[in-house]
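The values are calculated or read from the model by the stated rules, or taken from the named source; none is laboratory data. Bear in mind that the values here come from a model prediction, so they are computed numbers and not experimental data. Neighbour counts run over all protein chains shown; Cβ positions are idealised from the backbone, glycine included. Heads up: the accessible areas ignore ligands, DNA and RNA and are worked out on the full protein's heavy atoms, side chains in. Shrake-Rupley method; radii C 1.70, N 1.55, O 1.52, S 1.80 Å.
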Amino acid sequence: MLRHTDRPAACDNRDEHIQINPPVLYVGTPVALVTSLNADGSPNISPMSSAWALADRVVLGMSSTSQGCGNVVRERQLVINFPSPDLWPKVEAIARLTGHDPVPPHKAKIGYEHQKDKFAHSGFTAQASDLVKAPRIAECPIQFEAEVVAAHTPGGEWPAARPEDFRIVEARVLRVHAHREIVVPGSDHIDTEKWSPLLYVFRHYFGTGRDLGRTFKAGA
């Protein structure tokens, strides 16, 4: 019988965890570039790292004062573009820019600047979509055309230290585009040996490493 003073062998090592209070919780999420249309019909690009997918839905966390959030809530359409690691300089080129004019005070305080034409500033190429009005980004290997089906504020109390809240946007994916070279020939499957997303890890950019294995759901 195991006495309360005994510890299993697996627990003999000292606990190496310490309590921390990190300013962000981005343990490693893919970078997404959300393209949308401004009220005057011009395109906008919103770099973001708060996105997750389930079935045909992608849920986005967007700051409420961002131009992109206002656009997608108003127009109910967007494209979610996923860049590869080599595109990180182009992503970073627009990271400090906002299509919102005037620049919200809390963003101006940390160095944000207004820029209406983010395509020109970044060097990205606009590409016509099939089902939505917002353009795709030609350089991004994977693109999701989508429609907004729900948008709401987060539950609970928002931290007082944060200068703005955000919107949780649920988008239904209508069409997926992928560069030919990352698709398994004759299939609808992404070749995971050829596709690597750009990752955002505690505000640093990373690519992925070698394939460690597959889940049982991956199939043959």
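If you average the sequence gap of Cα pairs under 8 Å that are 6 or more apart and divide by the length of the range 63-187, what percent do you get for the contact order?
Values: 192 pairs, mean separation 36.6, N = 125.
That works out to 29 percent.
Run the numbers on the chain and let me know its relative contact order in percent, using alpha-carbon pairs under 8 Å that are six or more apart.
24 percent
Which one of Ser122, Ser64, Ala53 is farthest out on the positive end of the charge dipole of the chain, using unit charges on Cβ (Lys, Arg +1; Asp, Glu -1) and the Cα centre as origin?
Selected residue: Ser64.
Go ahead and estimate [θ] at 222 nm for the chain from helices alone: -39,500 (n - 2.57) per DSSP H run with n ≥ 4, summed, over the residue count, rounded to 500.
After summing the helix terms and dividing by residue count, I get -2500 deg cm²/dmol.
Can you send over the solvent-accessible area of Asp15, 1.4 Å probe, protein chains only, in Å² to the nearest 10?
Its accessible surface works out to 110 Å², give or take rounding.
Could you name the lysines in cross-link range of Lys194, using Cα to Cα under 29 Å and dropping any fewer than eight places away on the same chain?
Lys90, Lys118, Lys217
Full-extension gain between Val149 and Arg172, please, as 0.36 nm times their residue separation minus the C-alpha to C-alpha distance.
7.6 nm
Which order do the peptides 97-103, 125-131, 67-73, 34-40 take when ranked by the mean count of other beta-carbon atoms within 10 Å per residue, highest first?
Packing proxy ranking, top to bottom: 67-73, 34-40, 97-103, 125-131.
Could you check how much of the accessible area of the chain is carbon and sulfur, as a whole percent, using a 1.4 Å probe?
About 54 percent, which is the carbon plus sulfur part of the accessible surface.
So how far apart, in nm, are the two label points at Phe206 and Ser187 if each is 7 Å from Cα heading toward Cβ?
2.7 nm
Kindly report, to the nearest 10 Å², the accessible surface of Arg203 as traced by a 1.4 Å probe over protein heavy atoms only.
140 Å²
Calculated FRET efficiency, Asp117 and Val73, Cβ-Cβ r, R0 22 Å, to nearest 0.05? Before the final figure, lay out the partial values.
Numbers: r = 22 Å, r/R0 = 1.00.
With R0 = 22 Å, the Cβ-Cβ based efficiency is 0.50.
Counting heavy atoms of the protein chains only and a 1.4 Å probe, report the per residue accessible area for the chain as a whole number of Å².
On a per-residue basis, 63 Å².
Quick one: ranking His17, His106 by accessible area, 1.4 Å probe, largest first, what do you get?
Result, largest first: His17, His106.
Please state the charge dipole magnitude for the range 1-143, taken about the Cα centre, from unit charges on C-beta atoms (+1 on K and R, -1 on D and E), reported in debye and rounded to the nearest 20.
It works out to roughly 280 debye.
For the range 76-173, rounded, prolate or oblate, judged on the Cα gyration tensor with a ≥ b ≥ c (square roots of eigenvalues), a/c < 1.5 rounded, else prolate if a/b > b/c?
Cα axes put the range 76-173 in the oblate bin.
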